[in-house]
Amino acid sequence: ISEACIGGCAVGAAATGLVVPIVEVQIMDMVTLMMDNVVNQAAKWRLMLGGEAQRDAEGRSVSMPIVIRGPQGGGHRLSAQHSQSLEAWFTAVPGLKVVMPSTPHDAKGLLLAAVRDPNPVIFLEHKNLYQLPRSHVPDGDYEVPLGVASILREGTDVTLVATSNMVHEALKAASRLAARKE
């Protein structure tokens, strides 16, 4: 597998405005091998060209419609090269959007939103999420908006903020704190 080649082909295809490549990186740690394409090309495309990179078949301005998705995170007794969480790295890159679902419902809705976004989106799935009990995912088309937080439990004393797998841990902590308060 040549991640650098895959990344370069995806960026080139996205630059045409004719397709939205969805790059599946089997182990997200290997994205480091395509970082030039992701960070120096895809992320900066719109910024270098004033937001008007090219037009799609309908005449809409298209920046760099590309989704790079894959599993990340530790806790599975995998090697050090397969156990990183790279979200902080990606969020520091201007021009990239970073998505980290916490449920199957969110995964589907965020993936559809990512595919429809005209900008490069990094879609990170924590490996622990694959072990969650099955849950309902609606049929049909729906999006979970990018960049909008979900409030999963209202409270008055403390705010817990979490992403991806840690949402489940934060909800457990909130339940324990609420039980202490009673």
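Would you check if there is a residue in region 139-148 being out of contact with any helix residue (DSSP H, G or I) (no Cβ under 7 Å at 6 or more places or on another chain), among the aliphatic types (A, V, I, L, M) and open to solvent by 40 Å² or more (accessible area, probe 1.4 Å)?
For region 139-148, residues out of contact with any helix residue (DSSP H, G or I) (no Cβ under 7 Å at 6 or more places or on another chain), among the aliphatic types (A, V, I, L, M) and open to solvent by 40 Å² or more (accessible area, probe 1.4 Å): present.
Residue under question is Arg180, and the condition is that it be in a helix (DSSP H, G or I) and open to solvent by 80 Å² or more (accessible area, probe 1.4 Å); does it hold? Spell out the reasoning first.
Working: in a helix (DSSP H, G or I): yes; open to solvent by 80 Å² or more (accessible area, probe 1.4 Å): yes.
Judged against the criteria, Arg180 is a match.
Which one of these is in a loop (DSSP other than H, G, I, E, B) and modelled with pLDDT of 85 or more: Pro133, Pro138?
One residue alone meets the criteria, Pro138.
Quick check: is even one residue across region 22-32 out of contact with any Gly (no Cβ under 9 Å at 6 or more places or on another chain) and modelled with pLDDT of 90 or more?
Yes: region 22-32 contains one or more residues that are out of contact with any Gly (no Cβ under 9 Å at 6 or more places or on another chain) and modelled with pLDDT of 90 or more.
Residues Val93, Val98, Val115: which one is within 25 Å of Val23 (Cα to Cα), at pLDDT 90 or above and part of a loop (DSSP other than H, G, I, E, B)?
Among Val93, Val98, Val115, only Val93 is within 25 Å of Val23 (Cα to Cα), at pLDDT 90 or above and part of a loop (DSSP other than H, G, I, E, B).
Looking only at region 149-171, count how many residues are surrounded by fewer than 10 Cβ atoms within 10 Å (Cβ to Cβ) and farther than 22 Å from Lys108 by Cβ.
6
For Leu129, which of the numbered conditions (1) more than 19 Å from Val25 (Cβ to Cβ); (2) of a type in the set (A, V, I, L, M); (3) over 13 Å from the mean Cα position of the chain (by Cα); (4) surrounded by 12 or more Cβ atoms within 10 Å (Cβ to Cβ) fails to hold?
Among (1) more than 19 Å from Val25 (Cβ to Cβ); (2) of a type in the set (A, V, I, L, M); (3) over 13 Å from the mean Cα position of the chain (by Cα); (4) surrounded by 12 or more Cβ atoms within 10 Å (Cβ to Cβ), Leu129 violates only (1).
The values are calculated or read from the model by the stated rules, or taken from the named source; none is laboratory data. Nothing here was measured: the structure is a model prediction, and the numbers come from that model. Note that each Cβ is placed from the backbone with ideal geometry, even for glycine, and that neighbours are counted across all protein chains shown. Keep in mind that these areas ignore ligands, DNA and RNA; they rest on the heavy atoms of the full protein, side chains included. Shrake-Rupley method; radii C 1.70, N 1.55, O 1.52, S 1.80 Å.
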